[in-house]
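Values in this text are rule-based calculations from the coordinates and carry no lab data. This one's a predicted model, so the numbers in the text were calculated from it and none came from an experiment. So basically every Cβ, Gly included, is an ideal-geometry build from the backbone, and we count neighbours across all protein chains shown.
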Amino acid sequence: MRSRNVLCVLVLGAVLSFGCGGDDKEEPLVVLNNSNNVNNANNSNNANNANNANNANNGISQLEVLLDTSVTTAATGQTQNITFDVPEGAQSVVVNVIGTSPNQYTLNSWIDADGTQLVTTNWVRQDQFAPQFCTGCLQRVTSAVGAFAAMAPTNQDVELVSGTHTIQVEAFSVAGNQIAGVAGEAQILVTAKVAPERPPAGTIDLNFFFTGARGWTAETAKTDQVFQGVIEEVRTLYAQVGIELGDLAYYDISEDYQIIEIDQTTASLSPLFAESRMADNDAVNLFFVDELMQSGPLGGFGVVLGISGGIPGPTGQVGTARSGVAIATKSMPGVPTPMSKVIAHEMGHFLGLYHTAEQLLPIQDQLDDTSGSADELMNAAGNGDRLSEFQGVVMRLNPWVKN
């Protein structure tokens, strides 16, 4: 098979549902200092950090914590019903599930206050494209290793209704085509972005993590013309939907992370993304590695240029198995996609955007104002640059974007 230039690979029977993302700094909602045992995170500290974030909004929106608790999955992999109250004026809600690798997590169901089933019950065992993502759900969701997030709305057909919502979390493992429930503990954090109206603009802060790939370090990248040029191009791409790049922070991590070998579960990304625990500001984490190599049944398919920790990634948190976006910096002959588009594309996933059209599967996103054409930034081919109006709405509704 001829090699292709791909940003993200979604393979049936595997879990690769991630994208192919002043001096006053907002405190993160949850800081997980021990990535090997996230369930030991102190609940009272989590709540304090979350309350700090509530008071740190810098515009029309306010982030409210609706639920912060630990839950237990039974032998079936599912929790009992979990409820939270969505306040009036909530523009978006994000459910974060922080567990342990290599377990995979998702929502087994999500029912709103009107009884509408946003996430179809037992979709992991029923949907045509499970467990990658639920194409039959009104609110599309994915699954992820170690940590997971779901946001509503990410399409124009979902109305966020105030009142009591009910969810079930599911933890599972995959062996071949067999899905098995996993019993254990996980942390649930549910937040809502509350505002008088949908935010028309916003700012996103970024943390850059360097492995030494391409000769970039936290010090040299600040003045490197190539790197700064790439970031300026990202700035231009996001400006079309009213999102500015805000504070930029630079960090060095071990050169051991220069080569990341990705298998079906993408569990190998967990240690890399967990390095985000060193960040001291509330921002999306971008990791610059040399190469993202495919292994197992994915080997030989194509080149992975970038991969996001989720669709969306965990919000307001660092140190989790999904807290970031990985970008390959190695030059690839015959690969035309510039790094700026890879970064903007993967960050789009991290903020909640799906591919407008997949390369290998007959799947499009759920948005009315996208077509799947090659000129769209979120096309799986990754060579476009256009973002639609509602894609901008989704991105600005994500808590990572400050309004």
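Thinking of segment 233-346 as a set of Cα atoms, what percent of all their pairs are more than 22 Å apart? Tail of P(r) above 22 Å: 33 percent of Cα pairs. With a Förster radius of 60 Å applied to the C-beta separation of residue 80 and residue 373, the computed FRET efficiency comes to 0.85. A Cα-only calculation for segment 128-195 places Rg and Dmax at 14.0, 45 Å. Of interest is the spacing of the C-alpha centroids, which for segment 265-282 and segment 307-325 amounts to 8 Å.
Mind running the shape call on segment 205-273? Use the C-alpha gyration tensor, a ≥ b ≥ c as the square roots of the eigenvalues: rounded below 1.5 for a/c, prolate if a/b tops b/c, oblate otherwise. It is oblate, given that a/c is not under 1.5 and a/b is not larger than b/c.
In units of the compact-protein estimate 2.2 N^0.38 Å, segment 244-295 shows a Cα radius of gyration of 1.26.
For segment 52-184, how big is the tail of P(r) above 20 Å, as a whole percent of Cα pairs? Counting every Cα pair in segment 52-184, those more than 20 Å apart make up 45 percent. I want to make sure I understand the PRE zone here: with the label point 7 angstrom from the Cα of residue 198 toward its beta carbon, which residues in segment 146-167 have backbone N atoms less than 11 Å away? Backbone N within reach: 153-160. Taking only the alpha carbons of segment 340-389, we obtain Rg and Dmax values of 9.6, 27 Å in that order.
Between residue 360 and residue 223, residue separation times 0.36 nm minus the direct Cα-Cα distance comes to 45.4 nm. Taking all C-alpha pairs of segment 290-378, those more than 18 Å from each other amount to 52 percent.
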